[in-house]
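Q: Dropping a structure here in structure tokens format, bear with me for questions.
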Amino acid sequence: PPGAEAVATTPRPTGADSGRFRPRRLAGVLRPRTGDEVADLVRAAATARTPLHPVSTGRNWGLGSALPVDDGAAVLDLSGLGRIREVDTRRGYAVVEPGVTQGELSARLTGTDRMLNLTGASRHTSVIGNILERGVGLHRPRAEDLAGLELVLADGVRVRTGWWPSPEGPAVVQPHGHGASLNHLFTQASWAVVTAAVVRLLPRPRSVRILPATFPAARLATAVDTLRAWTTGRLVPATTKIYDPVAARTYGLRKPDGTPGDAYLAHLALTGDTDLTTALADLLAARLREAACPLAEGPPGAADAEAHGAYAGADDPDDALFRRKTGGCCARCLDRRGGLLMFLPVVPFDGAAVETAAALIDAALEEGTARPGITMNVLDADTVDHVVTLRFDPADAASTAAAHRTLDRLHASFAAHGWPPYRPDVDHPRPAAADPELHRRLAGALDPHGVFARGRFAPPP
């Protein structure tokens, strides 16, 4: 359509992605700048019978970046839709488009009493993209931040779901609205294009206290059980992060001689009124000093100003925390310099289960594959997800192949325990639907002609 930039309209292989997955053949790359242009492109794709693969900013590192699952799709790059349409700090919401990054929105909120539920990823990642993946924020799952969606359906019609601000609408943000709740019909789905979303904002806490706690690998099970007991007892909120010894190096956890440490690190994040966080910090410090406690107080530097700033919703203009995690690689070069695979299983918040998961990861490592960094995100009193980060040398074919064989074994062994990843990669899409008949009916109703390419969350046709 007029004004929309379309490039590579003849089939070609995709560019590099950080995971070095199998290259895909693309029908083209389309870069609209408005919702109207998106609708025109969807109608044109339906006529041409070219499936569309929408991406927000394409920075889905370790899972395929902007790659589609199958060959022959045209990538619909929505990064040009980059407007923050509205911010209401009184009612606690922002209306944003897919190209809006978490750095841009958090910077916009600077100086207000509201903040974005940041993730641990780069400031250059899309807010909407991560919400649609049901990613994990520092304060709660990102799915809980969603209040409403603006969509382009397979026939080019534009619709909305959930709650949207309007002069005659309800004053209170009500994500579920009245009647059938449709927002999450379109998260982890490939039945429409999202062109905007209403994102809920959190109150900015008056105080942020992150207590670092450490424990040896031999006490992994008892430490996890202790953290679960503290979570169920509300001594700590369900926001604890647990870093294995490799991931803990990001936060400077080292032995006294300066060499990399071999201890696990937990960040116990306390936010709220200053009196409350002070009282809880004192109580937890006393617990950590008890002889029977499997955890001990960690060095104060293991929860530094950058970590505190992330929990406080502060913008990180230099992307410093992200660069520490990537060894200095910036968001714009990560796909080119590559060497990163992600595996994201969900595991019971139980010491024996977490210990079993650690053993499965060890058993899956291919000879020559570097030990991965593992971050465990507590989601609630019963569940903890694992972010397993496999690194390899993308210039070394043997290193790349070994990392992918490790990833294959992780998928197989965790699936055998009933712990599949909650976000799969492009080479391991969802194997089956929980209810194939319902999925078939929904797909037939929303996208009967296959205008949208199969996504990573869709079962095989």
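Q: For the range 305-312, check the following and say yes or no: at least one residue is more than 20 Å from the chain's Cα centre (by Cα), surrounded by fewer than 18 Cβ atoms within 10 Å (Cβ to Cβ) and more than 24 Å from residue 59 (Cβ to Cβ).
A: Yes.
Q: Would you pick out the residues in the range 212-228 that are within 26 Å of the chain's Cα centre (by Cα) and under 18 Å from residue 281 (Cβ atoms)?
A: Those that are within 26 Å of the chain's Cα centre (by Cα) and under 18 Å from residue 281 (Cβ atoms): 212, 213, 214, 227.
Q: Identify, from the list 284, 270, the residue that is touching a residue at least 60 places away in the same chain (Cβ under 8 Å), part of a helix (DSSP H, G or I), among the hydrophobic types (A, V, I, L, M, F, W, C) and over 25 Å from residue 388 (Cβ atoms).
A: Selected residue: 284, the only one of 284, 270 that is touching a residue at least 60 places away in the same chain (Cβ under 8 Å), part of a helix (DSSP H, G or I), among the hydrophobic types (A, V, I, L, M, F, W, C) and over 25 Å from residue 388 (Cβ atoms).
Q: Mind telling me which of the residues 417, 411, 404 ends up being closer than 27 Å to residue 27 by Cα and modelled with pLDDT of 95 or more?
A: Details: 417 fails: closer than 27 Å to residue 27 by Cα; 411 fails: closer than 27 Å to residue 27 by Cα.
Within the list 417, 411, 404, the selection yields 404.
Q: Within the range 196-211, track down each residue that is within 23 Å of the chain's Cα centre (by Cα) and either part of a strand (DSSP E or B) or aliphatic (A, V, I, L, M) (or both).
A: 196, 197, 198, 199, 200, 201, 202, 203, 208, 210
Q: Kindly provide the set of residues from the range 422-461 that are within 20 Å of residue 408 (Cα to Cα) and touching a His at 6+ places or on another chain (Cβ under 7 Å), ordered by number.
A: Let us first name the residues in the range 422-461 that are within 20 Å of residue 408 (Cα to Cα), namely 422-432, 455-460.
Answer for the range 422-461, where residues must be within 20 Å of residue 408 (Cα to Cα) and touching a His at 6+ places or on another chain (Cβ under 7 Å): 428, 459.
Q: For residue 180, which of the numbered conditions (1) closer than 20 Å to residue 443 by Cβ; (2) at pLDDT 95 or above fails to hold?
A: Of the numbered conditions (1) closer than 20 Å to residue 443 by Cβ; (2) at pLDDT 95 or above, the odd one out for residue 180 is (2).
Q: Residue 383: in contact (Cβ under 8 Å) with a residue 24 or more places away in the chain, among the hydroxyl-bearing types (Ser, Thr, Tyr) and touching a Phe, Trp or Tyr at 6+ places or on another chain (Cβ under 8 Å), yes or no?
A: Numbers: in contact (Cβ under 8 Å) with a residue 24 or more places away in the chain: yes; among the hydroxyl-bearing types (Ser, Thr, Tyr): yes; touching a Phe, Trp or Tyr at 6+ places or on another chain (Cβ under 8 Å): yes.
Taking the combined requirement at face value, the residue satisfies it.
Q: Considering 436, 431, which residue is more than 25 Å from the chain's Cα centre (by Cα) and surrounded by fewer than 16 Cβ atoms within 10 Å (Cβ to Cβ)?
A: Within the list 436, 431, the selection yields 436.
Q: While we're on this one: Can you go through 456, 423, 409 and tell me which one is within 18 Å of the chain's Cα centre (by Cα), of a type in the set (Lys, Arg) and not assigned by TED's automatic domain parsing to the domain that holds residue 17?
A: 423
Q: Okay, next question. Within the range 47-73, track down each residue that is free of Cβ contacts under 8 Å to residues at least 60 places away in the same chain and in contact with a helix residue (DSSP H, G or I) (Cβ under 7 Å, 6 or more places away or on another chain).
A: Result: no residue meets the conditions.
Q: So which of 458, 416 is without any contact (Cβ under 8 Å) to a residue 60 or more places away in the chain, among the small types (Gly, Ala, Ser) and farther than 16 Å from residue 340 by Cβ?
A: Numbers: 458 fails: without any contact (Cβ under 8 Å) to a residue 60 or more places away in the chain.
Unique residue meeting the criteria: 416.
Q: What strands (runs of 3 or more DSSP E) lie completely within the range 7-119 and have 1 or more residues being over 25 Å from the mean Cα position of the chain (by Cα) and not acidic (Asp, Glu)?
A: 28-31
Q: When only residues in the range 160-175 that are within 18 Å of residue 89 (Cβ to Cβ) and of a type in the set (Val, Ile, Thr) count, which is surrounded by the fewest Cβ atoms within 10 Å (Cβ to Cβ)?
A: For the range 160-175, the residue satisfying everything is 172.
Q: Among the residues of the range 139-173, which ones are assigned to a loop (DSSP other than H, G, I, E, B) and without any contact (Cβ under 8 Å) to a residue 24 or more places away in the chain? Break it down stepwise before answering.
A: Here is the first cut: in the range 139-173, the ones assigned to a loop (DSSP other than H, G, I, E, B) are 139-140, 153-157, 163-173.
Within the range 139-173, 166, 167, 168, 169, 170 meet the criteria.
Q: To continue, here is another question. Being among the β-branched types (Val, Ile, Thr) and surrounded by 20 or more Cβ atoms within 10 Å (Cβ to Cβ) is the filter here, so list the residues in the range 95-118 that pass it.
A: Hits for the range 95-118 are 95, 96, 100, 101.
Q: Of all residues being in a loop (DSSP other than H, G, I, E, B) and of a type in the set (S, T, N, Q) in the range 174-195, which is farthest from residue 426 (Cα to Cα)? Just the residue, please.
A: Filtering the range 174-195 for residues that are in a loop (DSSP other than H, G, I, E, B) and of a type in the set (S, T, N, Q), the one farthest from residue 426 (Cα to Cα) comes out as 174.
Q: May I pose another question? Answer yes or no as to whether residue 222 is more than 22 Å from residue 136 (Cβ to Cβ) and assigned to a strand (DSSP E or B).
A: Judged against the criteria, residue 222 is not a match.
Q: For the range 176-206, enumerate the residues that are among the small types (Gly, Ala, Ser) and either surrounded by fewer than 16 Cβ atoms within 10 Å (Cβ to Cβ) or closer than 22 Å to residue 452 by Cβ (or both).
A: 179, 180, 181, 189, 190, 192, 196, 197
Q: Being in contact (Cβ under 8 Å) with a residue 40 or more places away in the chain and of a type in the set (Ser, Thr, Tyr) is the filter here; which residues of the range 174-207 pass it?
A: The answer is 187, 190, 195, 207.
Q: What are the residue pairs meeting all of these: first residue in the range 314-339, first residue under 30 Å from residue 203 (Cα atoms), second residue exposed (fewer than 15 other Cβ atoms within 10 Å of the Cβ), Cβ atoms under 8 Å, and 6 or more apart or on different chains?
A: Pairs found: 314/110; 315/110; 319/330; 323/330.
The values are calculated or read from the model by the stated rules, or taken from the named source; none is laboratory data. As the structure is a prediction and not an experimental result, all values here were calculated from the model. Positions of Cβ are generated from backbone atoms using ideal geometry, with glycine treated the same way; all protein chains shown enter the neighbour counts.
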